[in-house]
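> Below is the structure I would like to discuss, written out as structure tokens.
Derivation of every value follows stated rules applied to the coordinates shown; laboratory data play no part. A quick note: this is a predicted structure, and the numbers were derived from the prediction, not measured. All Cβ positions, even for glycine, are placed from backbone atoms using ideal geometry, and neighbour counts span all protein chains on display.
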Amino acid sequence: MVQSPPKLITVDEFITNYGDSDRYELIDGELTEMEPTGPHEQVSGFLGRKLNVEIDRLDLPYFIPPRCLIKLLGTATAFRPDVLVLDETKLIDEPLWQQEPVITSGSSIKLIAEVVSSNWQNDYARKVEDYALLGVPEYWIVDYLGVGGREYIGKPKQPTVTICTLQEDEYRKHLFQKSDRLISSMFPDLQLTAQQIFAAGRSAAV
């Protein structure tokens, strides 16, 4: 029996039918199911809390929306980041924002963090390319289980935070492991180690 290929949908159809659901992203017109575990959500929540404290301390015009899509113009792709730091002052230029929480411009974004799960290839490869093209200045890949490929996190594999900093149209990547303090261009005074993030994902199993 020949299986027919999945029906491709547009970004507009995706937003209409799945915009309120946290279970799906759209990649090249195909629904991609997100399967976050409890520890995955703990890590995301921990990161959001730490970044919010820094935003508040510095009194920056930034915020972290609880639910938001990134629509890549010219493609049938819409990502749903785990943590997204937006610049309030830029939202006036976002064409969809007044109707729905959808971002189309990299200038509105200060930082994205993706917490790695079973579909780690998207976080390490596809999103690195797309977020760079969009102009996202800083992208964190938070691999708290160390499941990414050895070409990305080294050998032996271990939990790793990769911070990608945009230079021109490409990312320069820095790996942080164990007790390394994260170095962020967006939040240079942030006092946070890789180990603190990994511990947030392990607390559920203790």
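> If the only charges are +1 at each Lys and Arg Cβ and -1 at each Asp and Glu Cβ, what is the size of the charge dipole of the chain around the Cα centre, to the nearest 20 debye?
Details: 20 positive and 31 negative charges, 179 e Å.
With Lys and Arg at +1 and Asp and Glu at -1, about 860 debye.
> Within straight cross-link reach of residue 71, meaning Cα distance under 13 Å, which aspartates and glutamates are found once same-chain residues fewer than 8 apart are removed?
In chain and number order, the partners are 12, 13, 25, 28, 94, 100, 130.
> Ok, one more. Can you list the aspartates and glutamates whose alpha carbon sits under 20 Å from that of residue 50, skipping same-chain ones fewer than 8 residues off?
Straight-line reach from residue 50, under 20 Å: 41, 59, 82, 87, 88, 114, 138, 143, 180, 189.
> Return the calculated 222 nm mean residue ellipticity for the chain, to the nearest 500 deg cm²/dmol, obtained by summing -39500 (n - 2.57) across DSSP H runs with n ≥ 4 and dividing by the residue count. Let's see the in-between values first.
Numbers: 5 runs with 50 residues, N = 206.
Taken over the chain, the calculation gives -7000 deg cm²/dmol.
> Enumerate the calculated ³J(HN,Hα) couplings along segment 91-98 in order (Karplus 6.51 cos²θ - 1.76 cosθ + 1.60, θ = phi - 60°), each rounded to whole Hz, writing x wherever the residue is Gly or Pro.
5, 4, 8, 7, x, 9, 4, 5
> Out of all Cα-Cα pairs in segment 40-156, roughly what percent, to the nearest whole number, are more than 25 Å apart?
Values: 1584 of 6786 pairs.
Counting every Cα pair in segment 40-156, those more than 25 Å apart make up 23 percent.
> Per Stokes-Einstein, at 25 °C and 0.890 mPa s, what whole-number D in µm² s⁻¹ belongs to the chain, with the Kirkwood radius over Cα pairs as the hydrodynamic radius? All intermediate terms of the calculation are to be shown ahead of the outcome.
On the way: Rh = 17.6 Å.
Rounded, D is 139 µm²/s.
> Sequence gap at least 6, Cα distance under 8 Å: using those rules, report the relative contact order of segment 69-206 to the nearest whole percent. Show your work: numbers first, answer last.
Numbers: 239 pairs, mean separation 22.3, N = 138.
Once normalised by length, the contact order is 16 percent.
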